[in-house]
Amino acid sequence: MRGGFGAAGGDPRGDAVGRGVDVLLGRSGTVSNDFKRVESHDCPMSACAAPAGSPCRTGKGKVAIQYHTARFRLVPQLAKTPSVPTPAVRKPGSMWTELPRPVSAGAEPAGHVRLGYARTSTARQSLDAQLDSLAEAGVTRIFSEKISTRATRRPESEATVKLAGEIRSSGVAVTLVVHEHKRLSRGIELAMLAEELKASDVGLEFLTGELKGSHDPSGIMFTVLAAMSGMEREYIRDRTLEGHESARKRGKTIGGAGVTDESMLSMALHLRKQEMSLRDIAKRLVITTGTKKGQHPSPATVMRMLREHDEHTTAMETAG
């Protein structure tokens, strides 16, 4: 599969997707559910005694890298298996915490809850369109936040996933609904998050975009599509950097014919937040380099600088 992604265009990022898929998929090409069978039992090892629904733990209170033999051999299909590794979704090596017990196999769900999640990357962007679409889709509770996907932690996203797992463990069916997959995550992070939901038996649905519809995160097709979705941001970033480098080599300046800079843009953005006109903003800015040093930029220059900034931000937001 890696050769298939990378060979056509010679793009090493295709290999990255392949490697990412390999992280999530076994060599057979399917996500193993062995760990769910194992975790349907309490661990009989007295030193572990992990309850059903939780991975095994070490003597130092960490998540074990594999399940104890006495535990996985309680599963008839795994009686002759030499070992069962702990999946990445359980974060082997991290501090162990007890997880909700699984719902009894075959039990009919006692109702159905649709939880929603909405996100924008910046405080200036509106959540209204996402909130409206989630409400129309019958979502009963919505978590939202304004934070970039590049942030290490997204508190509301984590809270949504946690609540979904807790509700499902109580016997109620749960579906996490998101306007578009880019609002939740992308690439390998999206596939891993989907696996976490799958491990908790939580459904996943996107209302629009490339991955529109309900998904089975354990399927290879979803994993590949999720991994490939992460490439768009990198392509946009690389094209932007390459364009800037090419312009610099030809002696061209970027943005505002050489009279604007990052400091001027920062001040202009600050003044725009105060709802000042372009003319008033221009009067408060000063050119610091070139033949026009000490003069004020024209309102047209300020408008172009802000427009280019907004277009770039929109492009990055669409990709992220």
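The values are calculated or read from the model by the stated rules, or taken from the named source; none is laboratory data. Owing to the predicted nature of the structure, the values given are computational and were not obtained by experimental measurement. All Cβ positions, even for glycine, are placed from backbone atoms using ideal geometry, and neighbour counts span all protein chains on display. When the accessible area is computed, the model is the full protein with side chains, heavy atoms only, and any ligands, DNA or RNA have been set aside. Shrake-Rupley method; radii C 1.70, N 1.55, O 1.52, S 1.80 Å.
Considering 197, 204, which residue is touching a Pro at 6+ places or on another chain (Cβ under 8 Å), aliphatic (A, V, I, L, M) and not in a helix (DSSP H, G or I)?
204
Would you check which residues across region 38-61 are among the polar types (S, T, N, Q), at pLDDT 90 or above and under 11 Å from residue 101 (Cα atoms) and list them?
The answer is 54, and nothing else.
Would you tally the residues in region 54-74 being farther than 15 Å from residue 88 by Cα and either in contact with a Lys or Arg (Cβ under 7 Å, 6 or more places away or on another chain) or without any contact (Cβ under 8 Å) to a residue 12 or more places away in the chain (or both)?
2
Does region 305-317 contain any residue that is in contact with a helix residue (DSSP H, G or I) (Cβ under 9 Å, 6 or more places away or on another chain), part of a loop (DSSP other than H, G, I, E, B) and modelled with pLDDT under 85?
No; the residues of region 305-317 include none that is in contact with a helix residue (DSSP H, G or I) (Cβ under 9 Å, 6 or more places away or on another chain), part of a loop (DSSP other than H, G, I, E, B) and modelled with pLDDT under 85.
Quick check, is residue 31 surrounded by 20 or more Cβ atoms within 10 Å (Cβ to Cβ), modelled with pLDDT under 55 and part of a loop (DSSP other than H, G, I, E, B)?
Working: surrounded by 20 or more Cβ atoms within 10 Å (Cβ to Cβ): yes; modelled with pLDDT under 55: yes; part of a loop (DSSP other than H, G, I, E, B): yes.
It is true that residue 31 is surrounded by 20 or more Cβ atoms within 10 Å (Cβ to Cβ), modelled with pLDDT under 55 and part of a loop (DSSP other than H, G, I, E, B).
Do you know which of the residues in region 255-289 that are of a type in the set (A, V, I, L, M, F, W, C) and open to solvent by 80 Å² or more (accessible area, probe 1.4 Å) is modelled with the highest pLDDT? Give the steps one after another, and end with the answer.
In the first step, residues of region 255-289 are kept if they are of a type in the set (A, V, I, L, M, F, W, C); the result is 257, 259, 264-265, 267-269, 271, 276, 278, 281-282, 285-287.
Cutting the leftovers down to open to solvent by 80 Å² or more (accessible area, probe 1.4 Å) gives us 257, 267.
Details: 257: 49, 267: 88.
Among those that are of a type in the set (A, V, I, L, M, F, W, C) and open to solvent by 80 Å² or more (accessible area, probe 1.4 Å), it is 267.
Residues that are more than 17 Å from the chain's Cα centre (by Cα), of a type in the set (Asp, Glu) and more than 18 Å from residue 211 (Cβ to Cβ): which helices (runs of 4 or more DSSP H) entirely in region 115-186 hold 3 or more of them?
So the answer is 128-136.
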